[in-house]
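The structure appears below as structure tokens.
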Amino acid sequence: MVPPSWLWIPLTLFAAAAQTVRNTAQRHLVNEVGTLGATLVRFLYGMPVLALWFAILLAIDSFNFPVVTWPFVAWILAAALSQMAGTAFLLRAMAARSFAIGLVYSKSEVIQVAIFSALFLGDALSLSTAIAVGLATLGVILLSPRLGAAATSARSWTDAAALYGLASGATFAISAVSYRGANLALAGASPFLAAAETLFWSQLLQTLLLGAWLLARNPTIVLAILRQWRVSTFAGVSGALASLTNVTALAIAPPSLVRTLILVEVVFSYVVSRKVFHETVSGRELIGIVLVVSGAALIVATAH
């Protein structure tokens, strides 16, 4: 089944909303189970959703099980490990500063995705996409904290939130390109099945690796995750839905388009920051949000 070429747009918008819900739930869990525990929650509690969806697709007669190749395995390893690192870095950035600003630093990903996509997948940027990436990036810069009277630009971009956020952006960029590469490695497979199989194996690997690490080093965190099963289930299910729609979109469209449009998550996070965590956002940051939305709108308007 070949999906319509525009389907990646609603899939990406849904992924942005689901990611905001997941990040909110994970932030609540950080105080209870720590950064690595909240990271494991995303993978462990999302696995049943991914396994069920993968099984449903395999049960449909029109879908054939795609042939797994060594390039697919390599892309899966890169996607799984970089996504694990990106999630942990993101949660540390949010803990070091506000929810919305911590997320904003991680969105330096958009430029890095364009670079890595061109280097590793041969995806060229159109002029409109480059302009959209530029607008969104300028918005991200404006959303970064103002410098104080005694502060310097270097200090602003080298504090804990900035470093964790920038590291998150880099690893998430590698993850996005790797997921796209894994989807393309399953030649001839439906984008739905390619995304489902890619996510199933990558998240299973993430669950086993991080789960084994925590069991060996700090089993009390795993027990705490099990005790916090209500919030953990909420985070895991929303994370699985975000991943499914995001990776399916990456099976249809280049990473530079998908990861630029998904920056509308910044707007959703602004709402969460104000309504849930009661954090203030300045007028300068609002201008940044407008620029991010403008870049996303340009992507949609010029997408083919």
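Quick note: the coordinates plus some simple rules give every number you see, no bench work behind them. Given the structure is predicted, the values throughout are model-derived calculations rather than measurements. Using ideal geometry, Cβ is built from the backbone for each residue, glycine included, and neighbour counts are taken over all protein chains shown.
Remarks
- Farthest towards the positive end of the charge dipole of the chain, among the residues 122, 254, 171, is the Cα of 171, using unit charges on the Cβ of Lys, Arg, Asp and Glu.
- Region 297-302 - phi-based ³J(HN,Hα) in whole Hz, Karplus 6.51/-1.76/1.60, Gly and Pro as x: 5, 5, 4, 5, 5, 9
- Taking other residues whose beta carbon is less than 13 angstrom from the beta carbon of residue 29, and scoring Lys, Arg as +1 and Asp, Glu as -1, yields +4.
- When the Cα convex hull of region 209-275 is projected onto planes of every orientation, the mean area is 6.5 nm².
- Across every direction, the projection of the convex hull enclosing the Cα atoms of region 1-75 has a mean area of 7.0 nm².
- Principal axis extents of the C-alpha atoms in the chain (largest first, rounded to whole Å): 63, 52, 31.
- Inter-part distance where region 1-80 and region 164-216 are each reduced to a Cα centre, Å: 8
- With N counted as the residues of region 158-304, its alpha-carbon radius of gyration over 2.2 N^0.38 Å works out to 1.23.
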